[in-house]
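Working notes, structure below.
The values are calculated or read from the model by the stated rules, or taken from the named source; none is laboratory data. The model shown is predicted, which means the values in this text are computed figures rather than measured ones. Ideal geometry is used to build each Cβ from the backbone, glycine not excepted, and the neighbour counts take in all protein chains shown.
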Amino acid sequence: MNDETWEKRRGAVALGYSQTNQPEILAQGYGEFAERIISEAEKHGIFVHDAPELVGLLMHLNPDDYLPDSLKEVLVELLIWLQEVADSH
C-alpha cells in the first residue's frame, strides 16, 4: 500500500476516561477496524464526531496513553460543543 492510499483510509479513535478521570485512548485503527469502532459506538448510542484532523493527531499516540495537555484543550472544546448539541435536542 502506498503512502497516498494509507492517508486516504478512514481512521477512528475511541476516547474515554481513566479511573483517575484523565482522557485516554481506548482504541484506534484504520479501514475495517475504524469502521468497527464507529459501528460499535453508534450501536451503543455514543456520539461519533467526524474530525479527520483530530483523528490524525490522536493516531500518533498509543492506546492507553493519556492525552497531552495541548490535545486536552481541543477535546474539552469538542465535549462542550457536544453537550450543547445534546441539550438542544
* Is it the case that the stretch 50-60 has a residue that's touching a Pro at 6+ places or on another chain (Cβ under 9 Å) and closer than 18 Å to Gln83 by Cα? -> no
When (1) at pLDDT below 90; (2) part of a helix (DSSP H, G or I) are applied to Phe33, the one that fails is (1)
Some residue of the stretch 47-63 being more than 19 Å from Gly11 (Cβ to Cβ) and either at pLDDT 85 or above or not hydrophobic (A, V, I, L, M, F, W, C) (or both):
no
Condition set in contact with a Leu (Cβ under 8 Å, 6 or more places away or on another chain) and in a helix (DSSP H, G or I), scope the stretch 36-64, selection nearest to Leu78 (Cα to Cα): answer is Leu54
